[in-house]
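Okay, handing you the structure first.
Here, each number is a calculation from the coordinates, and none is a lab measurement. Not measured: the values here are computed from a predicted model. Using ideal geometry, Cβ is built from the backbone for each residue, glycine included, and neighbour counts are taken over all protein chains shown.
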Amino acid sequence: MNDTTITLDHIALQVTNLERSIRFYQDILHMQAYGPVHLGMLSTGGRILGKVAGAKGLLKGIIGSISSRALRDQYTDVALLSSNGRLYDILLIQERYPETNATRSVDGHTIFGFSCFLSSAVDSEILGWDLHQAEADFSWGDPGLDGTIFSQDCPNHSLYVRDPDGRIIELIPNASDDAPPSFITGLNTITLHVTYPDKSKQFYCDKFGMKVESDFTGKGLGKRFIRLKSTDGKGCLILYGQTKPDGNPIEAGGYGLDHFAITGCQGVGEKSTDAIDIRMDPEKLSEHTTSSYIRDSDGYWIECI
């Protein structure tokens, strides 16, 4: 493991209704959407065939080892979401059952949510009113938690918005004067449901050299949040463990997260064909030839760039 700064590159989310999710991210978070694309349009070389709605020439990516995923691809549609129009932050994936062609619904406890920075030009108070007017499901809460824990003495509160599949998105005001002009300036952290927080903490510390930034337990709530940071102090991952009233853990897993990608971790994991890997800019494909994949203690795929 080297000392390169680890940062969250993108998240691949499985969704119940792709069109509905695209509308949410466009209307609420003002992200640019490229797609939807039916993966059956891909050639054997992995290039997308035909004209893609709204792609503007950017969505010409590839998918690794098509042949081993051929059956699944025929029942899969995807879309890319970008905050800046150059690189993508989120990959949305909608799958259907081969037997019935019915859309697969998101279930289980996988990704709880993620956080992203708002441009310094966005007034969070006005945004709260706009979300209310749009009848979006949102709340104010303490930063880095789950949107239900609110402390009066906290100097700054985050806005928490639910996406159509119930995932929590934390919107963090960006005080930087040189922040990009886009509404969302980038991803910050990802929050994962984990079965055994200490076991997961050990995995990420051993494999990626992460350090514990904080370890918070909500009294009487059966919730535990472990914030992990990179060697240079940048937050990148939150482990979210829950317990039942009898003290037993709520098991993580299900359908909802295809994978997430982090940079600065070369040499970790092995190449796999199970996680979808699409690139937005074909001219930058060579930059990602060293990507590999590894599963954590709960079975989540991590793309290591």
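Using a simple spin-label model with points 7 Å from Cα along the Cα→Cβ vector, what separation in nm is obtained for Thr231 and Gln74?
Here the modelled spin labels are 4.8 nm apart.
Now, a different point. Spelling out what I want: for every residue of segment 294-305, take phi, set θ = phi - 60°, compute 6.51 cos²θ - 1.76 cosθ + 1.60 (Karplus), and round to whole Hz; glycine and proline get x.
9, 9, 8, 5, 9, x, 6, 7, 10, 8, 9, 9
Please list, in chain and number order, the residues 5+ apart from Asn188 or on another chain whose amide H is under 5 Å from its amide H, with Hs placed from the backbone.
Result for Asn188 returns Ser115, Cys116, Phe117.
Full-extension gain between Arg96 and Cys154, please, as 0.36 nm times their residue separation minus the C-alpha to C-alpha distance.
Roughly 16.5 nm would be gained on extension.
Hey, fewest Cβ within 10 Å first, where do Trp140, Trp129 land in order?
Working: Trp140 13, Trp129 10.
Going from sparsest to densest Cβ surroundings: Trp129, Trp140.
Moving to a separate point now. Long-range amide H contacts for Gly256: which residues qualify at under 5 Å (H placed 1.01 Å from N, peptide plane, sequence gap of 5 or more or a different chain)?
Gln14
A follow-up question, please. Take peptides 100-111, 244-255, 6-17, 159-170 and line them up by average Cβ neighbours within 10 Å, highest first, as a rough protection proxy.
The most tightly packed comes first, giving 6-17, 159-170, 100-111, 244-255.
Given labels modelled 7 Å from the Cα in the Cβ direction, how far is it in nm from His132 to Glu19?
So the label points at His132 and Glu19 sit 3.2 nm apart.
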